[in-house]
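The block underneath contains the structure these notes are about, expressed in structure tokens.
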Amino acid sequence: MDSIYVDVPFGMNYDVKNGIPIHEAIEQLKAINKIIEKQKAVIATVANVNIERTEIFVTELKEGSWIEEICIRIFFDNKEHYDKFALAAGGVPLDLWIKILLSMGVGAFMMYGILSMLGKTGGSNSGTTINIKNNSGIISLGESIGLSEKQIDTVIEKNSKQTKSDKQATLDMLNPAKNGGASRVQLSGLQELEIPQADFNNLPDEVPSQENTETEQAYNNIDIYIYASDRDKTTSGWAGIVPELFEQRVKF
């Protein structure tokens, strides 16, 4: 059976004044791959369907202002899940619906990374506490495609828990802007997701030490996939993945 997928465009625009060193461009591409991979589980949860996998292709890189266009190919387990996804999108074209939903997730991921590294995160993860460009950009985008308050909160909450590697991805995404003298970064051509210079210029060069902080972190309502190498041998161990946190298989 032929694979069932939808192609979703996504882009980054850095209005840099200086060129971007190739090592920064490579690290930035690796970071966007990591961040988008995390959004796969977020999108699936919001739409209440299964996504088999994603593939990411670079379609254009343009220097001057650094413009990066990519294509995110989202594969569905079967046509039933594709149809459920289309139903969740309502009257909005599916590729546009997923683009906005994915962009909301990337925006929330990066903003929580910025806030956590600058020590500005508070005790609440409510959608009303995160602003981009001094307005509730994520919330207004969600409302524009008919998402419920619960769905918008899901996008924000699932991106609010920041591991050290998450923060590193945020740094790698914003280093070309910080080091290239950019005044802003825009996600996917959306003004609601424009990150101004003030938000990334004060970021540290390295992820702050997490010593003397919590060594355990609680998560609610996340998907865990557990595999048994031999169901009849309870002593041989189990393994699995948690897509929102990591894709590599580990022991449970």
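Observations on the structure shown:
- Sole residue being under 15 Å from residue 173 (Cβ atoms), touching a residue at least 40 places away in the same chain (Cβ under 8 Å) and in a helix (DSSP H, G or I), chosen from 20, 32, 98, 43: 32
- Of residues in the stretch 83-95 being over 13 Å from residue 43 (Cβ atoms) and in a helix (DSSP H, G or I), the one least open to solvent (accessible area, probe 1.4 Å): 86
- Looking across the stretch 67-80, the residues that are touching a residue at least 24 places away in the same chain (Cβ under 8 Å) and either open to solvent by 30 Å² or more (accessible area, probe 1.4 Å) or of a type in the set (Ser, Thr, Tyr) (or both) come down to 67, 69, 73, 77, 78, 79.
- Of residues in the stretch 9-67 being within 17 Å of residue 165 (Cα to Cα) and hydrophobic (A, V, I, L, M, F, W, C), the one farthest from the chain's Cα centre (by Cα): 26
- Among the residues of the stretch 103-138, those that are modelled with pLDDT of 50 or more and outside any helix (DSSP H, G or I) comprise 118, 119, 120, 121, 136.
The values are calculated or read from the model by the stated rules, or taken from the named source; none is laboratory data. What you see is a predicted model; the values in this text were computed from it and never measured. With ideal geometry, Cβ positions are generated from the backbone for all residues, glycine too; neighbour counts draw on all protein chains shown. Accessible surface areas use protein heavy atoms only, side chains included; no ligands, DNA or RNA. Shrake-Rupley method; radii C 1.70, N 1.55, O 1.52, S 1.80 Å.
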